[in-house]
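What follows is one structure encoded as C-alpha cells, with my remarks underneath.
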Amino acid sequence: MQECASCAALIHPPQPVCRYCRGHEIRVRAVSGFATLIGFTVSHRFTLPGLPSPYIVAQVALEEDPRVRLTTNAVGCDPEQLRLGMRMEVVFARAEDVWLPLFRPAPSQPVPAELPRDEIEPDQMWRHVRPMASPDKFEDKVAISGIGSSQIGRRLMADPLSLTVQACERAIADAGLTMDDIDGLSTYPGAGLAGPFGEGGVTALEGALGIRPTWYNGGPETFGPGGSVIAAMLAVAGGVARHVLCFRTLWEATYGELIKRGKVTPDGGRVGGAASWMRPFGATSAAHTLAQNAQRHFHRYGTTRETLGWIALNQRANAALNPTAIYRDPLTMDDYLHARMITTPFGLYDCDVPCDGAVAVIVSAVDAARDLAKPPILVEATGTQIIERLEWDQSTLAHEPQVLGQAAHLWSRTSLRPTDVDVAELYDGFTFNCLSWIEALGFCGIGEARDFLDGGKNIARDGLLPLNTHGGQLSHGRTHGMGLVHEAIVQLRGEGGARQVPGARVAVVSSGGLTPSGVILLRADTCSGTRRAAS
C-alpha cells in the first residue's frame, strides 16, 4: 500500500499527496493482508466475463489503518458464513498481468470487531459547514419560472434529442416566454457522457433550436443531476443571463433495447479513476455500494428490509394518482419482499425504473419571473458543500455518501427548519437513497428512520412529510432528479390534481448522492399571489 512518510497514514486509492497532512513524500509499505469485513452484498442481477452471478462483492478495512478500505470479492465461503466484523485474509488471483486481492475468512476467528467509525460522524457534519461567504444570498435573485416534460415511458424508441426539444418547448410555453428570450442553456451530464445517460448536451440542443446563448453549462462534475439548475441560478444571479433553460434527458430503456437488437454497441472504454479499483470485482453499479451502506445501517440502527419497503410502497401509492407514471399498479409489502433479488438487501422494487424521457426547468431573474405566465417559485436556499470523501468505498459508512454534508450546508443558509417543509421530493435511485436524505435533512434523528416512517404513515400525502408525491423514480421513472424538481414546482403551484398536498408552500428537493449532490429549498411567492389577485 502507499504510505505517507510524514504521518505514516496509508493512502488508497493511490495519490501523489497525503490527504491527511498534505505531505508529498510517498513510499510503499507491505501490510499483513489481514482485514475486517465491513460490508458485503450478494450480486444476483449482474454478470461479468469470468464472474457469473451470484458473486459476493465485499468491502474490507485493513487492520493496519481501518481508514483504508478495499472493494474486493469474498471467496472460499458461503454468504451465510459471513458476518460483519469478522477477520479476513488476502488471497491473490491472477488476471492477465495483474494480481487481484481477494479475501476469505481467516482460519482463526476472534470476537467480531467493531466496525470503523466515519471520520466525521453523521450528526457532526454541521461543525464542518463553511459560514456564508456573503450575507447577500444568490438564491434571493432567482426564481423558477417554467417547467416542462416530454412523454415519459419504457422503450419509446424515440431519438433523445426529440425528447429534449419537446420538454424544452413545453417549459418555454409554460413560462410564457419565447425561444428568443432564452439566453442560457444548462444540462447534466452534457455531451461528454456516452451511452444511455448522454443525450448530446448543449451542443445538440443549440444545433437544433439555434438559441445562441450568452452562457451555457454542461458536464457531470456538478451538484448532482440537479446541478444544472443550481449552476443556472448562479449565472442568473451573477447577471450573465436572464432566462436559463435547464434540461435532463434519458433514453436508457430504448438504449438497452437497441443493444439487444444489435443496433448499438455498448461503450467498452477503459475505466479510470476510483472506479478502476472497484470494477474488477464486479462492483459495476451504484447498487453494489449502496447495498453495503444499507447493510451497515441495518447492523448499526436495527433498520429492516420492511423499512425500505415502506418507501417503495409510498412511491407506488402516489404513482397510482399520476397518469404519467410508468408503474401505477398496486404494490403490497408481500410483493416487495418476494420480488427477485438484485443485490442483497436490494430487491427489484428497491431500484428505480429505467425509462426514456426529458424534463426541462427555466431559471429566471426574480424580477423578470414575476411578470411571466405562472407564479414564480422562489429559491430559499441551496446545499452543495462537499464534506465527505468522494470515493464511494472510502466514504460514509451507514448512509449514502454525499447527502449528509450537503444537507447540513442547506440549513446554514436559511432560517427555515425541517418542520417548515410541506413536501419533500428526495432522490430515490434506490430506496436507501431516500432514507439517507430523510435522516440527513433532519426530518428525524440519525438512525431513527424506521420509527419515523411509522409503517409509511408519516411519508404519505396526508402525513408529516409527504414524500415523492408523483411516484418518485421508483415508480414514475428514472429522470435523474429533474423529475423531482418538476414535481416540487407542481406542488408549490397547487397543480398536482389528485396527488396535490393541500396548502404546500415550502418544498425540499434533492438530487444525486454518491457523486457530489445538491439540495434545494423552494417556496411559493406570496407577494406574487397578492399582486396577481389585485390585478
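The values are calculated or read from the model by the stated rules, or taken from the named source; none is laboratory data. Because the structure is a prediction, the values reported are computed rather than measured. Positions of Cβ are generated from backbone atoms using ideal geometry, with glycine treated the same way; all protein chains shown enter the neighbour counts.
Computed values, structure above
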read-out	value
Count of region 54-98 residues which are part of a strand (DSSP E or B), of a type in the set (A, V, I, L, M) and within 31 Å of the chain's Cα centre (by Cα)	8
Residue that is over 33 Å from the mean Cα position of the chain (by Cα) and either outside any loop (DSSP other than H, G, I, E, B) or more than 24 Å from THR396 (Cα to Cα) (or both), where the choices are PRO110, PRO135, PRO101	PRO110
Only listed residue being β-branched (Val, Ile, Thr) and either without any contact (Cβ under 8 Å) to a residue 60 or more places away in the chain or within 18 Å of ILE147 (Cα to Cα) (or both), chosen from VAL421, VAL485, VAL501	VAL485
Whichever residue in region 8-49 is in a strand (DSSP E or B) and of a type in the set (Phe, Trp, Tyr) and, among such residues, is surrounded by the most Cβ atoms within 10 Å (Cβ to Cβ)	PHE40
Set PRO375, PRO354: member being closer than 16 Å to ARG45 by Cα, in the same structural domain as ALA440 (by TED's automatic domain parsing) and either of a type in the set (D, E, K, R) or surrounded by fewer than 24 Cβ atoms within 10 Å (Cβ to Cβ) (or both)	PRO354
Complete set of residues in region 416-437 that are in a helix (DSSP H, G or I) and within 21 Å of GLY496 (Cβ to Cβ)	ASP420, CYS434, TRP437
Evaluation of ARG532 against (1) crowded, with 24+ Cβ neighbours inside 10 Å; (2) modelled with pLDDT under 95 (one fails), failing number	(1)
Subset of region 254-265 (residues that are surrounded by fewer than 23 Cβ atoms within 10 Å (Cβ to Cβ) and on the phi < 0 side of the Ramachandran plot)	TYR255, GLY256, GLU257, LEU258, ILE259, LYS260, ARG261, LYS263, VAL264, THR265
Selected residue (only one of THR222, THR289, THR214 is at pLDDT 90 or above and within 30 Å of ALA449 (Cα to Cα))	THR289
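Table: residues versus (1) surrounded by fewer than 19 Cβ atoms within 10 Å (Cβ to Cβ); (2) at pLDDT 80 or above; (3) under 18 Å from the mean Cα position of the chain (by Cα).
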| residue | (1), (2), (3) |
| --- | --- |
| VAL165 | no, yes, no |
| ALA171 | no, yes, no |
| LEU177 | no, yes, no |
| THR187 | no, yes, yes |
| THR203 | yes, yes, no |
| ALA232 | no, yes, no |
| ALA235 | no, yes, no |
